[in-house]
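The block underneath contains the structure these notes are about, expressed in structure tokens.
The values are calculated or read from the model by the stated rules, or taken from the named source; none is laboratory data. Values in this document were obtained by computation on a predicted structure and should not be read as measured data. Every residue, glycine as well, gets a Cβ built from its backbone with ideal geometry; the counts of neighbours run over all protein chains shown.
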Amino acid sequence: MDAIATAPLMAADAFAAALADPRHTWPCRDWALLDVREHGAFERGHIPGATSLPRRRLEFRMEELVPARSTPVVLYDDGGDDRRAWLAADDLRAFGYARVSVLDGGLDGWRALGGVPATGVNVPCKAFGERVLAEDGVRHLDAAALDARRAAGARIAVWDVRTAEEFVDAHIPAAHSAPGFELALRLADLEADCDTVVVNCAGRTRSIIGTATLALLGARAVFALENGTMGWRLAGRALAHGETPTAPPSPASCAHAAARAEALARDVGVSLLPPAGLAALLAHPSAGARILDVRTEEAFAAGHIVGAAFTPGGQAVQRADDFIAVPGADMVFVDDGDARALLAAYWYRRMGFPRVHVLAGGMPAWRASGHGEEKGRPRPAPLGLAAARAATAFIDAATLAGRLEGAPRDRPVVVDVGSSRDVMAGRLPGALWLPRGSLEALAPGLPQGRAVVLASAEPAQSILAARTLARLGFAQVQVLDGGVPAWRAAGLPVADGLPDGAAADDVVEPPYRRGLAGMRAYLDWEIALHGPAGAPEPQA
């Protein structure tokens, strides 16, 4: 990788050769492969192991995904006339990333050399889940079998390992919520209260990992609900909604899980890092270490290590490629000194990540050692935002409303550069939609000689877009101060829906929002990730 990491253009054949080397594949490589196209294009086909980072989100997520600016970074787009990767590379170099390359020919050029794109999202993680299903012999049952056992009077507890928000939106009737590895903390309590534990998610991966985790911790009878809430709906059953009261796990149950989890983690090579060791690692930002906090959102907000990412356990495994762009870097999992970080680290080692650690003693040990922390869920300022803001001219909602009532030739052109989801939820009447990730390609179509006002739901996007338009030679550019929220707050009208003729490619809806046919197609795709023999038959 060293021979090509400093070149602005990476030849497609050299890139293909690098991917053929196990050292440069997911999840071992020590460099980042970033797809700067929109999420929809990424889902339809991408280079295996790439992380999706649409150009419009570059300034917002780059520092989190690639904290060390000496890290080699390879960017790609569709190739041909697509210039997004080149433009993103220019921005990254301006932000101090010195080893940025663009894949020559983009996705199309790599495919022309025989590259086979992956389809879908979080593919390596979901393929891993299917592999665990087969290798660990994870037991599972379907909706009919669960109903039959319940009707027969079996003492069954159904636990949902999705996020709390997903659970409230819709869940299996009589299920309880325990996101990620929160369920592991309850194992000893559960086995005292029921004969069988059934674990579910929306589809497959999180329930497979959750069920396998309980089995590894010694659960007597634990099953994954086949295909989760989607399978439940495909079987013609209704979901429940809202919260379900749940008692916290007992200290004895937490201690039981922690002892077993530590043995598992040590067996696969997870290292326990004392607070002083983590502090030393953080003192060298060039190492690019990632701190992954797998506690609840409430605990994270109450206090966490500065720079830590909130990655609840189940999400950390299912969406590893979303959180980790440089898999060969050091990863340190953090909890409150219980089983959750150990279990997340165990699964990362089984996925193949080479440098996985757990903060020994968790946050209590970190605090006891006198190290600092921060509260809430602070988000770093987008790269380049301060400079862009300083150069931006703003206009308030009332003044803009007045100008839009003027003579047609004097009215500014209003442009929304936000996401399609934000634009559909509300844009200024008559606003054009020019997604910021493609602004350079779309801006030449704006009416010549007219002033431009940028107005988006996320004001930072408008400010960064103003910088781009200024570089393109637009002399009269202003940003609506406070964006669309300020316009609404002033009692001014908004339009909903995309402008006529606009097509969205920046949002990938979850499969459970795509109708029954979409659910079935998604589940068939996921099952096929490990081949036709990958999944054992359901057990009644």
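List the pairs whose first member sits in segment 290-301 and is touching a residue at least 60 places away in the same chain (Cβ under 8 Å) and under 13 Å from Gly314 (Cα atoms), whose second member is of a type in the set (Lys, Arg) and surrounded by 22 or more Cβ atoms within 10 Å (Cβ to Cβ), and whose Cβ atoms are under 6 Å apart, counting only residues at least 6 apart or on separate chains?
Partner pairs satisfying both residue conditions: Val294/Arg340.
Go through segment 44-63 and give me each residue that's farther than 15 Å from Gly384 by Cβ, under 15 Å from the mean Cα position of the chain (by Cα) and not in a loop (DSSP other than H, G, I, E, B).
Matches in segment 44-63: Thr51, Ser52.
For the structure I just gave you, tell me whether Ala98 is closer than 26 Å to Ala387 by Cβ, within 21 Å of the chain's Cα centre (by Cα), in a loop (DSSP other than H, G, I, E, B) and aliphatic (A, V, I, L, M).
no
Does segment 329-351 hold any residues that are over 24 Å from Glu135 (Cβ atoms) and either assigned by TED's automatic domain parsing to the domain that holds Gly210 or in a loop (DSSP other than H, G, I, E, B) (or both), and which are they?
Taking segment 329-351 as the starting set, the residues that turn out to be over 24 Å from Glu135 (Cβ atoms) are 329-330, 332, 334-338.
Selection gives Ala329, Asp330, Asp335, Asp336, Gly337, Asp338.
Being crowded, with 20+ Cβ neighbours inside 10 Å and either of a type outside the set (D, E, K, R) or assigned by TED's automatic domain parsing to the domain that holds Gly328 (or both) is true for just one of Gly80, Gly114, Gly105. Which residue is that?
The match here is Gly105.
May I ask you to verify whether Gly307 is in a loop (DSSP other than H, G, I, E, B) and touching a Lys or Arg at 6+ places or on another chain (Cβ under 6 Å)?
Details: in a loop (DSSP other than H, G, I, E, B): yes; touching a Lys or Arg at 6+ places or on another chain (Cβ under 6 Å): no.
Spelling it out, it is not the case that Gly307 is in a loop (DSSP other than H, G, I, E, B) and touching a Lys or Arg at 6+ places or on another chain (Cβ under 6 Å).
Ala365 passes all but one of (1) of a type in the set (A, V, I, L, M); (2) over 25 Å from the mean Cα position of the chain (by Cα); (3) more than 30 Å from Val317 (Cβ to Cβ); (4) assigned to a helix (DSSP H, G or I); which number fails?
So Ala365 meets the others, but not (3).
Looking at segment 293-321 only, could you name the residues that are touching a strand residue (DSSP E or B) at 6+ places or on another chain (Cβ under 7 Å), closer than 28 Å to Leu214 by Cβ and surrounded by fewer than 24 Cβ atoms within 10 Å (Cβ to Cβ)?
The answer is Glu297, Phe300, His304, Ala308, Ala309, Phe310, Asp321.
Only one of Ala495, Ala489 is loosely packed, with under 13 Cβ neighbours inside 10 Å, more than 23 Å from Ala381 (Cα to Cα) and out of contact with any Phe, Trp or Tyr (no Cβ under 6 Å at 6 or more places or on another chain); which?
Numbers: Ala495 fails: loosely packed, with under 13 Cβ neighbours inside 10 Å.
Only one candidate passes the filter, namely Ala489.
Scanning segment 447-486 for residues that are within 18 Å of Arg411 (Cα to Cα), more than 30 Å from the chain's Cα centre (by Cα) and of a type in the set (A, V, I, L, M, F, W, C), which turns out surrounded by the most Cβ atoms within 10 Å (Cβ to Cβ)?
Only one residue tops the list, namely Val453.
Looking at (1) closer than 23 Å to Leu292 by Cα; (2) assigned to a helix (DSSP H, G or I), can you tell me which one Leu87 breaks?
(1)
Between Val270, Val294, Val317, which is under 22 Å from Arg23 (Cβ atoms) and not assigned by TED's automatic domain parsing to the domain that holds Ala50?
Going through Val270, Val294, Val317 in turn, just one is under 22 Å from Arg23 (Cβ atoms) and not assigned by TED's automatic domain parsing to the domain that holds Ala50: Val270.
Pick from Ala280, Ala257, Ala276, Ala263: which is aliphatic (A, V, I, L, M), buried (at least 19 other Cβ atoms within 10 Å of the Cβ) and part of a helix (DSSP H, G or I)?
Of the residues listed, the single one that is aliphatic (A, V, I, L, M), buried (at least 19 other Cβ atoms within 10 Å of the Cβ) and part of a helix (DSSP H, G or I) is Ala257.
Just a yes or no: is a residue in segment 190-199 touching a helix residue (DSSP H, G or I) at 6+ places or on another chain (Cβ under 6 Å), polar (S, T, N, Q) and at pLDDT 95 or above?
No, segment 190-199 contains no residue that is touching a helix residue (DSSP H, G or I) at 6+ places or on another chain (Cβ under 6 Å), polar (S, T, N, Q) and at pLDDT 95 or above.
When you scan segment 430-440, do you find a residue that is out of contact with any Leu (no Cβ under 8 Å at 6 or more places or on another chain) and surrounded by fewer than 14 Cβ atoms within 10 Å (Cβ to Cβ), even just one?
no
From the list Ala391, Ala425, which one is at pLDDT 95 or above and more than 30 Å from Glu509 (Cβ to Cβ)?
Every option except Ala391 fails the conditions.
Among Arg421, Arg377, Arg411, Arg389, which is the only one that is in contact with a helix residue (DSSP H, G or I) (Cβ under 9 Å, 6 or more places away or on another chain), under 30 Å from Arg83 (Cβ atoms) and either touching a residue at least 24 places away in the same chain (Cβ under 8 Å) or in the same structural domain as Phe310 (by TED's automatic domain parsing) (or both)?
Among Arg421, Arg377, Arg411, Arg389, only Arg389 is in contact with a helix residue (DSSP H, G or I) (Cβ under 9 Å, 6 or more places away or on another chain), under 30 Å from Arg83 (Cβ atoms) and either touching a residue at least 24 places away in the same chain (Cβ under 8 Å) or in the same structural domain as Phe310 (by TED's automatic domain parsing) (or both).
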